[in-house]
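Below you'll find the structure, written out as C-alpha cells, and then a few comments.
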Amino acid sequence: MTDTAIDDWTAPCPPERVVIVGRAARLEPLDADAHAADLWAALHADDRLWQFMSYGPFASQPLFRAWLESRCGCDDPLAFAVIDAASGQARGLLSLMAVRPESGVIEIGHIVLSPALQKTAAATQALFLALSHVFALGYRRVEWKCDARNSASRRAAKRFGFLFEGLFHQHMIVKGENRDTAWFAVLDREWPALKPAFEAWLGPENFDAAGRQRRPLVSFQPD
C-alpha cells in the first residue's frame, strides 16, 4: 500500500487583502472608489468579456459599480484589480476563491481582462503574481476552472503551466445554459520548475523595443 501520509506540512492561512507588486503589473485588493472608473472604461465596451461569466455585461456604470461594491467585502472570492504598471490604470479583475486551507487548495478565477491587457506581459505578470503569492502562503494546489466552451481560457491555462485534469459534465447552470467545466491545476511540486520559467519570460531582455516577446513562455517551461 502506498504511504499517503503528509509530513512537515501546516495548513496555510487564508489569503488577505494585500498589494502584490510586479514589474509589469500589480494586484490591488478591489476598491470601488479606487478602481470602478478605470474598470468601467476598460471593460464595458466588449460584451464578449462576460460571455462565460455568471454576471455581466452591465447596462450602465452605476450598475457595474454596485456589482463591484458587492465584491469588495467578500473574503471568498477575494477580488483584486489588475493594475497595468505602464499606465497605472486598473484594466482587469481576478480573484482568489474556493479557498480550502485545511487541504491547501485554492482557485484563481473570475478573471476578466480588458482587450488592452490581454496577451501582454502585464496579464502574464498578474497570473504569475497570484500563483507566487498562494504558493508562498503554503498552498499545495492551485486550480483553474472554466466553461469547456471557453477556448481562450483553456489555452491560457495551458500556457501558464496548468495541467488539464478533465471535464465535469453538467457541472453548473449559468445564465440558463448548461456548463461543462474544464478543470486544470498546478501543484506545489511543479511550481519550483514553473516559477523560473515565468521569471525568465517576464525579464526585460525577453522583449524587443516594441514590447514583443522574443521567446514564448512555453519555451522556458520544463518538458
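Side notes on the structure shown:
- The residues neighbouring Tyr139, those whose beta-carbon lies less than 11 Å from its own, together hold a net charge of 0 under the Lys/Arg +1, Asp/Glu -1 convention.
- The stretch 109-206: Rg to Rh, with Rh as the Kirkwood radius over Cα pairs: 0.99
- Packing-based ranking, highest mean first, of 83-96, 136-149, 55-68 given that Cβ atoms within 10 Å are counted: 83-96, 136-149, 55-68
- Our helix-only sum for the chain, with -39,500 (n - 2.57) per DSSP H run of n ≥ 4 divided by its residues, gives a mean residue ellipticity at 222 nm of -8500 deg cm²/dmol.
- The local environment of Arg149, defined by Cβ-Cβ distances under 12 Å, has a net charge of -1 under the rule Lys, Arg +1 and Asp, Glu -1.
- Ratio of Rg to Rh over the stretch 20-220 (Cα coordinates, Kirkwood Rh, two decimals): 0.95
None of the figures in this text is laboratory data; all of them are computed from the coordinates on show. The structure displayed is predicted, hence computed values, not measured ones. Positions of Cβ are generated from backbone atoms using ideal geometry, with glycine treated the same way; all protein chains shown enter the neighbour counts.
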